Amino acid sequence: MERIADPSKVAVVLLAAGLASRFGTDTDSKLLALFDGIPLVRRSAVRACESMAHSVTVIVGFRAPELISALSGLPISISHNPDFVSGMSSSLITGMTTPQTQSAQGILVMLADMPSVSTAGIDLLIEAFVAQGGRSIIVATYGNVRGNPVILPRSLFGEVTRLKGDLGARNIIRASNVPVLEVDIGPSALHDVDTVEALVAAGGFVS
């Protein structure tokens, strides 16, 4: 069996480009909401940066200048998705075009609007990926329910580039014959903030 050179070389692709149409008005961005005084997009990026991941790339689109400003000074790469209105697949494809992801053995797809995902949770997923030799899909779960983040092995990178519309990694997982390992990281795997009410309940503040 062919050996993966370095399964610990996992690149995070943090998706922060979407319109978030269910949140507030057409001009609001939940990713700029403050948690303990820190914009949500920066909070998510910092947790990814502090993990075992080899690199972190943030995909921006909607309100990109403000998001880029909120991310200032972090050891990350930023890629702009000019087609962000078409849905999540375009952001995943944008993430796949960077040198950081092209040289990785696995891509950890992380949603920037999940305020409870911790560095420890990210590391659990990466550790599982390494233990599987970089050959399995790793999916965060809670109570046997699949959520996010997920890690896709290099063997599926081509499938990502063929996605269209508002489709994410879940569709690749369903169609793939690659083994899937579920890793329980607690409630954070299912906790996003799609509405103002959910964001406030999670401790966020919309200015």
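Beta bridges from DSSP with both residues in the chain: antiparallel share about 35 percent, rounded to the nearest 5. Between Gly61, Gly106, Gly73, the GNM of the chain built on Cα springs shorter than 10 angstrom shows Gly73 fluctuating the most.
For the chain, what is one quarter of the convex hull surface built on the Cα atoms, given in nm²? For the chain, averaging the hull's shadow over all directions gives 10.8 nm². Of the solvent-accessible surface of region 159-207, computed with a 1.4 Å probe over protein heavy atoms with every protein chain present, carbon and sulfur atoms account for 53 percent. Comparing Arg47, Arg162, Arg154 in a Gaussian network model of the chain, where Cα atoms under 10 Å apart are tied by springs, the biggest mean-square fluctuation is seen for Arg162. Expressed as a whole percent, the accessible surface of region 33-89 that belongs to carbon and sulfur atoms is 55, based on a 1.4 Å probe.
Take region 101-207 with all the other protein chains still there, run a 1.4 Å probe, and you get 45 Å² of accessible area per residue.
The values are calculated or read from the model by the stated rules, or taken from the named source; none is laboratory data. In this text, all values refer to a predicted model and were calculated from it rather than measured experimentally. Accessible surface areas use protein heavy atoms only, side chains included; no ligands, DNA or RNA. Shrake-Rupley method; radii C 1.70, N 1.55, O 1.52, S 1.80 Å.
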